[in-house]
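Encoded as structure tokens, the structure appears first; notes follow it.
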Amino acid sequence: MRRVLTALAAFSIAATVMPHAADAQQRQQSGAKKDDAAPQRQFRLQPLARRANSGPCPYVKVLYDAARYVELNDYQRPTVNGVGYTGEIEGVSSDCEYRENDPIRVDFNLLFSLGKGPSAQGDGKTYRYWVAVTERNSAILEKEYFDLPVNFGGSDRATAEPSHTIVIPRAEATTSGGNFEILIGFEVSPEQAEFNRSGSRFRPTAGQTN
């Protein structure tokens with residue numbers, strides 16, 4: 001099985017990045033539901049259509065240590081004024097398809113919430129994140145990195161909704177999608193990963209005065 005499973009094919013990405021200040025207008029034009037400015041964030045990704053398959057889909061989840069991206073001037077003594085660019089992977093919506101001897105095709109959408117704090121330099125930032133395919137609770141089979149350029153357009157928040165398609169070969173028809181996991185996360189430094197593990201939080205709204 002290993003000889004077949006170590007291949008990962010057909011990565012694709014189509015990202016839409018929207019400054020938060022223009023969300024209402026752009027959603028109205030695209031027919032999307034307007035998101036009220038409430039303290040509690042809402043999961044806005046629409047679930048993908050469920051298909052009939054030969055077995056369960058691979059697990060698709062965000063790795064906790066890399067779920068957030070927070071730039072700080074001092075990670076030992078974090079302050080709001082020391083926050084640079086921030087980001088958070090807020091949601092994943094996924095579905096898969098495979099029958100008989102077909103490979104497993106996994107389609108998934110991501111929802112990123114991105115922010116610009118008081119220490120951020122400039123109105124744009126290229127975030128980097130990765131997608132990895134693993135044997136469940138085991139070794140990484142393949143890992144790809146993606147750049148997510150964001151122009152805040154004068155705002156201090158933005159959202160992005162990339163879409164991906166992954167094709168995972170199967171050794172035989174009895175190989176189930178449940179044997180695999182797809183993990184997602186920001187590329188973070190050791191300091192940022194430790195900050196995430198500690199449970200400390202500076203959300204994309206950090207530094208706002210209203």
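Relative to the present Cα-Cα distance, how much length would full extension add between V167 and S138 at 0.36 nm per residue of separation? Spell out each step's value before the answer.
Working: separation 29, 0.36 × 29 = 10.44 nm, distance 1.89 nm.
Extra length from V167 to S138 when fully extended: 8.6 nm.
Restricted to Cα positions, what overall size does segment 156-195 have along the principal axes? Three whole-Å values, descending.
48, 25, 12
Translational D (Stokes-Einstein, µm²/s) of segment 53-188 at 37 °C and 0.692 mPa s when Rh comes from the Kirkwood sum over C-alpha pairs?
Details: Rh = 16.4 Å.
So the translational diffusion coefficient is about 201 µm²/s.
If you stretched the chain out fully between N151 and E187, how much longer would it get, using 0.36 nm times the residue separation minus the C-alpha to C-alpha distance?
Details: separation 36, 0.36 × 36 = 12.96 nm, distance 1.90 nm.
That pair, N151 and E187, stretches by 11.1 nm at full extension.
Rounded to the nearest percent, how much of the accessible area of segment 90-140 (1.4 Å probe, protein heavy atoms only) is carbon and sulfur? Don't skip to the end; give the middle numbers.
Working: 780 of 2150 Å².
For segment 90-140, the apolar C and S fraction of the accessible surface comes to 36 percent.
Could you tell me whether segment 59-126 comes out rounded, prolate or oblate from its Cα gyration tensor? Rule is a ≥ b ≥ c as square roots of the eigenvalues, rounded for a/c under 1.5, then prolate if a/b exceeds b/c, otherwise oblate.
Working: a/c = 4.53, a/b = 2.89, b/c = 1.57.
Prolate.
The values are calculated or read from the model by the stated rules, or taken from the named source; none is laboratory data. Just so it is clear, the model here is predicted, and its values are computed rather than measured. Remember, those area values only see protein heavy atoms, side chains included, never the ligands or the DNA or RNA. Shrake-Rupley method; radii C 1.70, N 1.55, O 1.52, S 1.80 Å.
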